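Novice: Pasting in a structure now, in C-alpha cells, and then I'll have a few things to ask.
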Amino acid sequence: MLIVQKFGGSSVADPERIKRVARRVVEGRKAGNDMVVTVSAMGDTTDDLIALMKKITDNPTGREIDMLLSTGEQVSISLLSMAIKDLGCDVVSLTGGQVGIKTNEVHTKAKIVDIDSKRMRDELDRGRILVVAGFQGVNENKDITTLGRGGSDTTAVALAVALKADMCEIYTDVDGIYTADPRLVKDASKLKEVSYDEMLELASLGAQVLHPRSVELAKLYKVTMHVRSSFNNKPGTIVKEVGKMEKEVMVSGVAHDYNVAKIGLFDVPDKPGIAYRIFNALAQKNIDVDMIIQSSMRNNLNDISFTITRDDLRKALTVVEEIQPEIGFAGYTHDEDVAKVSIVGAGMVSHPGVAAMMFEALAEAGVNIDMITTSEIKVSCVVDDKDVEKAVKSIHNKFKLNEIN
Ligand code: ADP
Ligand code: ASP
Ligand code: MG
C-alpha cells in the first residue's frame with residue numbers, strides 16, 4: 001500500500017514528538033508500505049515567524065512573506081528525516097518545489113494547480129521514505145508560495161491524489177472531528193464519519209482541524225481522509241462520501257470563527273452595476289467576501305454590509321476608500337469585534353425549523369444576532385466576539401450534540 005501521512009504542528013512540536021512521529025512512520029514502512037509523509041512547522045513556529053516579521057515591517061510583500069513562512073516546514077522535514085534515518089530506514093526530505101508542487105501566483109493563499117510526481121516516483125522506486133514540506137509550492141517563476149494557514153492538510157491530499165495513494169491520514173492533537181471544537185465544548189462528541197460536504201462547511205466555517213481546500217480536493221478526487229490523533233492509536237474520523245440514507249442527523253456540528261471583520265457602506269446609490277463594482281474591486285485584490293447584506297432601499301439609497309477575514313481588513317478598507325469617490329456612497333464603518341457561529345448538517349433540508357432552533361438557543365443565551373446567512377446544509381450568524389463561547393455551548397446543548405453517537 002502507498003500511505004500518505006500528515007503530521008500537524010503540535011505533533012512535531014519538540015524533539016521527543018519528532019522522534020515519536022519517526023517511529024510511527026517507520027512502523028508503517030516495516031509493515032511493507034510505501035510511505036509519503038508531510039509535516040507542518042514545529043509548534044507555533046509559523047505564528048512566531050509572523051510576529052518576527054511584524055517587528056520589521058507593517059507592509060511586507062507576499063513574496064517575502066512566503067519566503068519566510070516556508071522556512072518553518074523545512075526545519076521539520078530535515079529533523080524528521082534525521083530521526084527516521086537513525087531508526088535504520090532510507091529517507092529523503094523534499095521541499096514543495098522539489099516534489100513538483102506547482103501553484104498559481106497568489107502569494108500567502110496559493111492554490112495547487114499541478115503536481116509533477118516524477119521525482120517522488122523515482123525516490124519511492126529506490127525504496128525511500130519521502131518527507132515533504134507541507135504548506136508550500138512554487139509558482140511559474142519558481143518563487144516559493146504558501147497555501148494559506150493550515151495548508152499542510154492540502155499538501156497531504158494533493159500528494160495522495162498525485163500518487164494515487166491507498167490512504168491519507170491526517171494526524172493532529174485531537175482524536176478526530178468533533179461536534180464542536182473540543183477545546184471550547186468539553187462534552188462534544190467524536191464523529192465516526194462525516195461527509196465531504198459537511199466537512200467542507202465545517203472547515204470553511206472555522207473548524208480549523210482541516211484546511212477547507214484539502215476537503216475540496218478530497219471530494220473532487222474521492223480521497224478518503226482519516227483524521228486521528230498522533231498521540232494514541234484510536235481510530236479517528238473518516239471523511240468520505242456518505243449516502244443519502246445515512247444523512248438522517250439534522251445537525252452534525254457547530255463551528256465558530258473569530259477571523260471575521262465587518263464593513264458597512266452607507267447610502268449607496270441604488271442602480272444597476274453598483275454591487276458589481278464594489279465586489280469586483282475587492283475580488284481584484286484577492287479579498288474573499290463572505291456574507292453580504294443589502295438593506296431595503298429608501299430614497300434610491302441602500303446600505304450594504306459584508307464580512308471578510310480580519311486578516312484582509314486593512315486591504316479591504318484601502319479598496320473601499322479607493323472606490324468611494326467613484327461609486328459615491330456617503331460613508332463606511334468597520335467592526336473587528338465580531339465572530340461567526342454556524343451549524344452544519346446534511347439533514348437540515350428535510351427538517352424545517354432548524355434555523356429557528358438555533359435562534360432560540362442564541363436567545364436563551366442572551367446573544368444578539370448581527371447578520372444571518374443560510375444554505376441547504378448550514379446556518380451562520382455573526383455575533384459579538386465575546387459571546388462566542390456561550391453561543392456555541394447553548395447551540396450544542398439545544399441540538400443535544402453530546403448524544404450524537
Ligand atoms: P494541526 O497542527 O495538527 O494541523 P490544528 O490546530 O490546525 O492542528 O487543528 C486541530 C485543532 O482544531 C484542535 O486542537 C481543535 O481545538 C480544533 N478544532 C476546531 N473545531 C474542531 C472540531 N469540530 N473537531 C476537532 N477539532 C476541532
Ligand atoms: N505551518 C502552517 C500554519 O501554521 C501550515 C500548517 O500548519 O498546516 O498555518
Ligand atoms: Mg492544521
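The values are calculated or read from the model by the stated rules, or taken from the named source; none is laboratory data. The model shown is predicted, which means the values in this text are computed figures rather than measured ones. Cβ coordinates were reconstructed from backbone atoms using ideal geometry, including for glycine residues, and neighbour counts include every protein chain displayed.
Novice: Looking only at residues that are in a strand (DSSP E or B) and surrounded by fewer than 22 Cβ atoms within 10 Å (Cβ to Cβ) in the range 170-194, which one is farthest from ligand 1 (Cβ to nearest atom)?
Specialist: Glu193
Novice: If you check every pair at least six apart or on different chains, which have Cβ atoms under 9 Å apart with a residue in the range 1-23 that is at negative phi and away from ligand 3 (no atom under 16 Å from the Cβ) first and a residue that is assigned to a helix (DSSP H, G or I) and among the acidic types (Asp, Glu) second?
Specialist: Once the first residue is at negative phi and away from ligand 3 (no atom under 16 Å from the Cβ) and sits in the range 1-23, its partners that are assigned to a helix (DSSP H, G or I) and among the acidic types (Asp, Glu) give Lys19/Asp86; Ala22/Asp86.
Novice: Considering only the range 19-48, state which residues are of a type in the set (Gly, Ala, Ser), away from ligand 2 (no atom under 16 Å from the Cβ) and touching a helix residue (DSSP H, G or I) at 6+ places or on another chain (Cβ under 9 Å).
Specialist: Ala22
Novice: Can you tell me which residue in the range 223-254 is modelled with the lowest pLDDT, limited to those that are within 16 Å of ligand 3 (Cβ to nearest atom) and out of contact with any Phe, Trp or Tyr (no Cβ under 8 Å at 6 or more places or on another chain)?
Specialist: Result: Phe231.
Novice: Next up: Which condition from (1) at pLDDT below 95; (2) over 16 Å from Gly331 (Cβ atoms); (3) part of a strand (DSSP E or B) is the one that Asp303 breaks?
Specialist: Against the list (1) at pLDDT below 95; (2) over 16 Å from Gly331 (Cβ atoms); (3) part of a strand (DSSP E or B), Asp303 comes up short only on (2).
Novice: Just give me the residues in the range 355-378 being over 18 Å from Ser305 (Cα atoms) and assigned to a strand (DSSP E or B), in sequence order.
Specialist: Result: Ser375, Lys378.
Novice: Moving on. Kindly indicate the residue of the range 31-51 that is loosely packed, with under 14 Cβ neighbours inside 10 Å and over 23 Å from the mean Cα position of the chain (by Cα) and also farthest from Met1 (Cα to Cα) among those meeting that condition.
Specialist: Taking the candidates together, the pick is Ala31.
Novice: List the pairs whose first member sits in the range 320-333 and is more than 18 Å from Ile308 (Cα to Cα), whose second member is charged (D, E, K, R) and part of a helix (DSSP H, G or I), and whose Cβ atoms are under 8 Å apart, counting only residues at least 6 apart or on separate chains?
Specialist: Short answer, once both residue conditions are applied: Glu326/Arg277; Ile327/Arg277.
Novice: Somewhere in the range 342-354, is a residue in a helix (DSSP H, G or I) and either in contact with a Cys (Cβ under 6 Å, 6 or more places away or on another chain) or over 23 Å from Asp187 (Cα atoms) (or both)?
Specialist: Scanning the range 342-354, I find at least one residue that is in a helix (DSSP H, G or I) and either in contact with a Cys (Cβ under 6 Å, 6 or more places away or on another chain) or over 23 Å from Asp187 (Cα atoms) (or both), so the answer is yes.
Novice: Still on this structure, please answer the following. I need every pair where a residue in the range 41-53 that is on the phi > 0 side of the Ramachandran plot has its Cβ under 6 Å from the Cβ of a residue that is within 14 Å of ligand 1 (Cβ to nearest atom) and in a helix (DSSP H, G or I), sequence separation at least 6 or different chains.
Specialist: As it stands, the answer is Gly43/Gly9, since those pairs meet every condition given.
Novice: Just one of Glu326, Glu322, Glu336 is surrounded by fewer than 16 Cβ atoms within 10 Å (Cβ to Cβ) and at pLDDT below 95; which is it?
Specialist: Checking each option against the conditions leaves just Glu326.
Novice: Moving on to the next point. Answer yes or no: is there a residue in the range 137-153 that is on the phi > 0 side of the Ramachandran plot and charged (D, E, K, R).
Specialist: Yes.
Novice: From the residues in the range 155-169 that are part of a strand (DSSP E or B) and not aliphatic (A, V, I, L, M), which one is surrounded by the fewest Cβ atoms within 10 Å (Cβ to Cβ)?
Specialist: Here the answer is Glu169.
Novice: Here's another thing I want to ask about it. Collect the residues in the range 21-46 that are out of contact with any Gly (no Cβ under 8 Å at 6 or more places or on another chain) and closer than 19 Å to Thr154 by Cβ, keeping them in residue-number order.
Specialist: Val36, Val37
Novice: Residue by residue through the range 73-117, note down the ones that are of a type in the set (Val, Ile, Thr) and surrounded by 17 or more Cβ atoms within 10 Å (Cβ to Cβ).
Specialist: If the condition is that a residue be of a type in the set (Val, Ile, Thr) and surrounded by 17 or more Cβ atoms within 10 Å (Cβ to Cβ), then Ile77, Ile84, Val91, Val92, Thr95, Val99, Ile101, Thr103, Thr108, Ile112, Ile115 are the ones that fit.
Novice: Which residue pairs have Cβ atoms closer than 6 Å, lie 6 or more positions apart in sequence or on different chains, and pair a first residue in the range 348-373 that is under 16 Å from Lys400 (Cβ atoms) with a second residue that is in a helix (DSSP H, G or I) and among the β-branched types (Val, Ile, Thr)?
Specialist: Met348/Val354; Met358/Ile395; Ala361/Ile395
Novice: To continue, here is another question. Restricting attention to the range 135-154, report how many residues are within 11 Å of ligand 1 (Cβ to nearest atom), outside any helix (DSSP H, G or I) and not basic (Lys, Arg).
Specialist: Residues meeting the conditions: 3.
Residues checked against (1) within 26 Å of Ala391 (Cα to Cα); (2) crowded, with 17+ Cβ neighbours inside 10 Å; (3) of a type outside the set (A, V, I, L, M):
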position	(1), (2), (3)
Leu202	yes, yes, no
Tyr258	yes, no, yes
Leu265	no, yes, no
Ile274	no, yes, no
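Novice: Going by the structure shown, is Ala83 within 20 Å of the chain's Cα centre (by Cα), modelled with pLDDT of 95 or more and among the small types (Gly, Ala, Ser)?
Specialist: Considered against the rule, which asks whether it is within 20 Å of the chain's Cα centre (by Cα), modelled with pLDDT of 95 or more and among the small types (Gly, Ala, Ser), Ala83 comes out as no.
Novice: Against the definition (modelled with pLDDT of 95 or more, within 16 Å of ligand 1 (Cβ to nearest atom) and not charged (D, E, K, R)), how does Ile3 come out, yes or no?
Specialist: No, not satisfied.
Novice: Show the residue pairs that are 6+ apart or on different chains and have beta-carbon atoms under 6 Å apart, the first residue being within the range 197-214 and over 13 Å from Asn259 (Cβ atoms), the second being among the polar types (S, T, N, Q) and away from ligand 2 (no atom under 16 Å from the Cβ).
Specialist: Glu198/Ser252
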